[in-house]
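None of the figures in this text is laboratory data; all of them are computed from the coordinates on show. Predicted, not measured: the structure shown is a model, and the values here were computed from it. Positions of Cβ are generated from backbone atoms using ideal geometry, with glycine treated the same way; all protein chains shown enter the neighbour counts.
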Amino acid sequence: MTPLTLQEFTALVSSFQDEAGAAIDGADSAESLEATRTKYLGRAHGWLKDISAKLAQLDKGDRAAAGRLFNDARLAVEAAMESRQGALAPARAGITLADPTMPARRAWKGAVHPVTAVIDEMIEIFRELGFTVALGPEAESSWYNFGSLNFPADHPAMDLHDTLYISDDLLLRTHTSPVQTRTLQGYAPPIRVLIPGNVHRRDPFDASHAPTFAQVEGLVVDEGITFADLKATLTHFANRFFGSTKTRFRPSYFPFTEPSAEMDVLCGVCKGSGCSVCKQSGWIEILGSGLVHPAVLDSAGVDSEKYTGWAFGMGPGRTALARHGIPDIRILYDSDVRFLQQFAR
Ligand SMILES: [Zn+2]
């Protein structure tokens, strides 16, 4: 047996490692990589086998160091083989590797819908005043939607042209006011609730009308509640919501309140001098309100001799339009991400 020095063995191992490494890097397909594996690591005829056979030609004292050298080289070549195989695998599955210089896919940032943002803000302001939130069904009986709220039997709102009926007695609520009756039936005064929800009307879908839209309603019932409470609370709300502003109350009519009033705030665009947003009036109407009609309290089983109350209702959709200067209410309901993205924070 020809003797071999440790130096010669080291040179052999290092040329094996260099050649195998270059061959692995050069393999451009799974097939050529497999051929490289057979050539260098093959158990039957590979280079590795030849080198391990040479260990016996070394001095006994050098064999331990040579063995470690040999093992390290084998592990390094096996690792390079593994990594190259990983890189070639997608190509083998018929998938081309993406160009790493391509720009990353765009990440979409979520946003609170402007109408939801208005509702949340209203709830927050009224929560500070001791109001809680009450909810009710969107499919209602006509008694809850009209009868309990003092609508006369021949009121035009009950007409098929204005209300979406599911059956003779079941309809899609036209306002959130039926929740007033449900709250009065379920809880004893004092009551302070805010009622947000969707309502439905047989309206055309145009720039200023939507057949389904959000409403926020408020109800206060207790002993000794007067119109002064209504005015003070709603004025406070307007100043919080719109920033320091002026308000005015105009007489109005609703079947379920008496007296009734609409509240206007000073136009935020022209500050009262008149512009196209406020139709030259200098004021923007934001809500309807009034003292709860005694008949409404009575029909819910609340003693109208003992208790009084006030209520209001407003449209957060219209408010969102005014706040952001949006010209067409349909944009709010289009679910167009380009529009909604503008509200991402
Ligand atoms: Zn104006």
Looking at the stretch 234-244, is at least one residue surrounded by fewer than 21 Cβ atoms within 10 Å (Cβ to Cβ) and closer than 21 Å to residue 185 by Cβ?
no
Hits in the stretch 319-332 (condition: in contact with a strand residue (DSSP E or B) (Cβ under 8 Å, 6 or more places away or on another chain) and not small (Gly, Ala, Ser)):
319, 329, 330
Positions within the stretch 245-284 being buried (at least 17 other Cβ atoms within 10 Å of the Cβ) and of a type in the set (Asp, Glu), in sequence order
262, 264
Going through the stretch 274-291 in order, the residues found to be at negative phi and within 36 Å of the chain's Cα centre (by Cα) are 275, 276, 277, 278, 283, 284, 285, 286, 287, 288, 289
Quick one: how many residues across the stretch 185-197 are within 22 Å of residue 122 (Cα to Cα) and either over 26 Å from the mean Cα position of the chain (by Cα) or surrounded by fewer than 13 Cβ atoms within 10 Å (Cβ to Cβ) (or both)?
3
Suppose we filter 323, 318 for residues that are within 20 Å of residue 199 (Cβ to Cβ), under 30 Å from the mean Cα position of the chain (by Cα) and among the charged types (D, E, K, R); which single one remains?
318
Just need a number here: residues in the stretch 224-252 that are of a type in the set (Val, Ile, Thr) and away from the ligand (no atom under 16 Å from the Cβ).
4
